[in-house]
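Only one structure is covered here, and it is reproduced in the block below.
The values are calculated or read from the model by the stated rules, or taken from the named source; none is laboratory data. Given the structure is predicted, the values throughout are model-derived calculations rather than measurements. Positions of Cβ are backbone-derived with ideal geometry, glycine not excepted, and every protein chain shown enters the neighbour counts. Just the protein is used for accessible areas: all its heavy atoms, side chains included, with ligands, DNA and RNA removed. Shrake-Rupley method; radii C 1.70, N 1.55, O 1.52, S 1.80 Å.
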Amino acid sequence: MMGHSIAVVGAAETTDMGRIPHLSQIGLHADAALNALADAGLSASDIDGVATAHESPIALCGYLGITPTWVDGTGVGGCSFLMHVRHAMAAIKVGLCRTVLITHGESGKSGIATTPLPIPVAGSLEGQFEAPFGAVWAPTIFTVPMLRYMQRYGVTEEQLALVPVIQREWAARNPRATAKDPISIGNVLESRMISYPFRLLMCCLVSDGGGAIILTSADRATDFERPVYIAGAGESAETTMISQMADFTTSSAFRVSGRLAFEQAGISHADVDHLMIYDAFAHLPFYGLEDLGFCRPGEAAAFIAERHTAPGGRLPTNTNGGGLSYAHSGMYGMFVLQESIRQMRGVAPAQVEGAKISVAHGVGGWFSASSTIVFTNERSL
């Protein structure tokens, strides 16, 4: 499966973002889907492939009136939508379908007709070996590897606090961002403790919203305005139990996913103009920068402190404001994709001038799974 053979020809988020009490979960999917279809100049009858997570793809097909020849309901957490992109690339390439719709929608804030979150049951691995000790959900699970990372590399709370500070700078440039007011390291460290070392401003927002993208072959993409080509894609997984990570200071799923995407795209790190790293919590950009190879182990804090990821830096990162300041419905991966696509189209609120390659990187669960997509606005590199 060669890169550049598949393109994004439609992309849009829900009409509103943040708090949307008048739409259910499936309604958010439909709103995003209709917006993406309008962006591409297509109708539901043009779609023959459907993928989604946290909502039944079968229910979505019925709701939108689509009779598909290919369906993907892969659900591995927030990076599911990035995996859908990779799976759709393969499906289109071998002729299982021609035009794929990938949707996301979550009523994370309003809670209107949502799918319940998976809670470890007593007989599961997590239920037996982690939940009894208090590691039950993201804030209490993600802390475990970060504490080891801080101990090994001497990273301070102040360095961790700089991540939301810089991402708020990006959010200030984005009219759709939920939180746009400037914050300081002091503001972050004075915010309420959630689970050490994470304070409130180091944790993602809770939002309603969603998005959708439409993929087709690069050959057909010439019939559409502003196609964005997929140069490479990767995915991997490690474990559902945080206690079983091979090394708390690095994610094997991140490393494998990133390597596969870069190899398929045939690019080096110096070629990347823009980066999106899923940031449910402030530490994830540390792991993303290091495991994707943009800096060596233990150097991400200094890399960020030197403002390489900030406005004006050489690697603009999380330019929509990220899950910490833009929006976070629960599964943030769709918004990573959307911002990379906007950057490649040249229409992002905080547009990176001359950007030709964007890398979108996602996490599922707590380093459980990962997927990486390399986008470009050029048919070939």
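Per-structure values
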{"read-out": "Selected from Asp247, Asp31, Asp291 as most flexible by GNM, with the chain as the system and alpha-carbon contacts under 10 Å", "value": "Asp247"}
{"read-out": "Span per principal axis, largest first, for the Cα atoms of region 1-103 (Å)", "value": "42, 30, 24"}
{"read-out": "Cα-based shape type of region 147-228, given that a ≥ b ≥ c are square roots of the gyration tensor eigenvalues and the cut on a/c is 1.5", "value": "prolate"}
{"read-out": "For region 256-278 and region 66-111, distance of Cα centres in Å", "value": "21"}
{"read-out": "Max mean-square fluctuation residue, GNM over the chain, Cα-Cα springs under 10 Å, options Phe254, Phe286, Phe294", "value": "Phe294"}
{"read-out": "Tilt relative to the chain, helix 25-40 - C-alpha long axis, 0 to 90 degrees, to 10", "value": "60"}
{"read-out": "Listed residues Ser358, Ser251, Ser24, most fluctuating in the chain (Gaussian network, C-alpha, under 10 Å)", "value": "Ser24"}
{"read-out": "Label assignment, P(r) over Cα pairs in 20 Å bins from 0, in percent derived from the structure, set [x] 31, 61, 8; [y] 29, 58, 13, 0; [z] 28, 54, 15, 3, 0", "value": "[x]"}
{"read-out": "Surface share of carbon and sulfur [accessible, 1.4 angstrom probe, percent] for the chain", "value": "54"}
{"read-out": "Within-11-Å neighbourhood charge of Met241 [Cβ basis; K, R +1; D, E -1]", "value": "-3"}
{"read-out": "Förster-model FRET efficiency, 51 Å R0, Thr69 and Ala122, C-beta, rounded to 0.05", "value": "0.80"}
